[in-house]
């Protein structure tokens, strides 16, 4: 036994000498198949970090497309994306109640709740110390990211472009190209012009493709009431889009928009359309799928909707060879004394954006990721995709491959499948009016591209009007001026305060009562409208008006635009 211990001791001494000599003579050489800690993926940061990301406007998607792979290569970040299933608007309150937050959060209008609960961090120090890309991107509009006068911290970045060009419009009335063609290309500037064109065409074409013609259809059965019923009233009144509010551009006085007399006039007109049988009787009961199916059939002559909401129908019409049944946007107002605000520049809206949670274990990495997304390298990748796969360089400029260009304009799954354009919103973005360091558009969407991608009937109709683009018959952006307060729709409303509580009650009242007024006998309209105004008064709408006016003035002071 004693001899065994002796031999073991001698063996250990020999091994120690061998190791020491190896370190002196060959310490830089690794034994094949081994891995030194300092050269492992984990120690060099090569192993990607997973950041959880809640996107209030998201959908089911895995971060595994080719653009996502390139993002990970550049940042060392993989996104694990989550979204509110079934449009659940309780996702943020549930986070706050549990105290468990993802690393990155795009909460839209609920950001104020997260700030109040301490669920997100202020980004000011990060921006100052390591936010060069973000500072360059936002420039003089950086103050528009600030939360409020009482708490001027920056909690979010992203969502909307900083420098935008306006080559197309959305949300106004739109009419089928065939209506314009058969009517001899009339000028349609007012609601009366619009109604006359619809009436004449409808009388001559009671059926389209064997189905009853529908002069106009709305979607007022869900949250889209706001964009197909409420918002078009403001557009017709020549009022910029400030959500549910109207801001006097001279004084900053802010009022609940349905109190404005022009809204009464607009809905009285819509009530008349219904009485004449021109309004789809299912406008306030149909589902989104039913609505899109009607539009896709080609029998709906006009809509008042956002392009992104009817995009699937537009693509279906083109795919079916029904290009004449696609839509042209109209600068329609109550009368020629009003100016359509379809091309209004709201500047960088601020307010909403992506925040970093207070519980994240990777706050610094999360900020570095957001800052990289604001870089020129990132913006080109996010908007154009990958050189050699989605575009090539021709004479020093990026040119999208024909297949990608075609799919981008016709395939609703293109962005989701390839990642091209998918990660622009709601992350920091330069905007479609920005140019890279070589003077080329940062996005593949230029006005020339838009014009080139018009379908054949669009080009035919535009030529008859002597125009290149639909925006040519809208008041120009320069004529309308830039909003000094952004848009009220993006204000961070204090949770649980007068504005939030009263507006929610007011929205419930207006959606219900205006729907009833539209569908009522015309003789009952004025009484129903007056009753709605009485209900709004009882709901203390004046208190909300005062509070919102002060908030607008505070924003003007915070941004230095007053």
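Quick notes on this structure:
- The residue list 443, 418 contains one member that is at pLDDT below 95 and outside the structural domain of residue 188 (by TED's automatic domain parsing), which is 443.
- Pairs, first on the phi > 0 side of the Ramachandran plot and in the same structural domain as residue 377 (by TED's automatic domain parsing) in region 60-81, second part of a strand (DSSP E or B) and surrounded by fewer than 19 Cβ atoms within 10 Å (Cβ to Cβ), C-beta under 9 Å, six or more apart: 76/49
So that you can scan it fast, the table gives a plain yes or no per residue for (1) touching a strand residue (DSSP E or B) at 6+ places or on another chain (Cβ under 7 Å); (2) under 27 Å from residue 190 (Cβ atoms); (3) assigned to a loop (DSSP other than H, G, I, E, B):
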site	(1), (2), (3)
457	no, yes, no
464	no, yes, no
471	no, yes, no
485	yes, no, yes
494	no, no, yes
502	no, no, no
505	no, no, no
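- Filtered by the rule that a residue be in contact (Cβ under 8 Å) with a residue 60 or more places away in the chain and assigned to a loop (DSSP other than H, G, I, E, B), region 83-113 gives 99, 100, 101, 102, 103, 107.
- The residues listed here are 180, 134; of these, the one that is outside the structural domain of residue 463 (by TED's automatic domain parsing), part of a helix (DSSP H, G or I) and either buried (at least 18 other Cβ atoms within 10 Å of the Cβ) or at pLDDT 95 or above (or both) is 134.
- The set of residues in region 59-82 being surrounded by 15 or more Cβ atoms within 10 Å (Cβ to Cβ) and part of a loop (DSSP other than H, G, I, E, B) consists of 61, 63, 65, 76.
- Only a single criterion out of (1) at pLDDT 95 or above; (2) within 20 Å of residue 469 (Cα to Cα); (3) surrounded by fewer than 18 Cβ atoms within 10 Å (Cβ to Cβ) is not satisfied by residue 335, namely (2).
- For residue 139, the conditions (1) in the same structural domain as residue 94 (by TED's automatic domain parsing); (2) over 22 Å from the mean Cα position of the chain (by Cα); (3) on the phi > 0 side of the Ramachandran plot are fulfilled apart from (2).
- Filtered residues of region 314-332 (kept if at pLDDT below 95 and either outside the structural domain of residue 182 (by TED's automatic domain parsing) or under 30 Å from residue 108 (Cα atoms) (or both)): 314, 315
- Failed item, numbered, when residue 153 is tested on (1) surrounded by fewer than 16 Cβ atoms within 10 Å (Cβ to Cβ); (2) in contact (Cβ under 8 Å) with a residue 40 or more places away in the chain: (2)
- Here region 223-238 is the region considered, the condition is being in a loop (DSSP other than H, G, I, E, B) and at pLDDT 95 or above, and the residue that is nearest to the chain's Cα centre (by Cα) is 224.
- The selection criterion, being part of a helix (DSSP H, G or I), modelled with pLDDT of 95 or more, in the same structural domain as residue 246 (by TED's automatic domain parsing) and touching a strand residue (DSSP E or B) at 6+ places or on another chain (Cβ under 8 Å), holds for residue 536.
- Boolean, residue 170 is part of a loop (DSSP other than H, G, I, E, B), within 30 Å of residue 279 (Cα to Cα), in contact (Cβ under 8 Å) with a residue 24 or more places away in the chain and within 23 Å of the chain's Cα centre (by Cα): yes
- Residue check, residue 290 surrounded by fewer than 20 Cβ atoms within 10 Å (Cβ to Cβ), at pLDDT below 95 and out of contact with any strand residue (DSSP E or B) (no Cβ under 8 Å at 6 or more places or on another chain): no
The values are calculated or read from the model by the stated rules, or taken from the named source; none is laboratory data. The structure presented is a predicted model; accordingly, all values stated were derived computationally and were not measured. Counting neighbours? That spans all protein chains shown, and the Cβs are built from the backbone with ideal geometry, glycine included.
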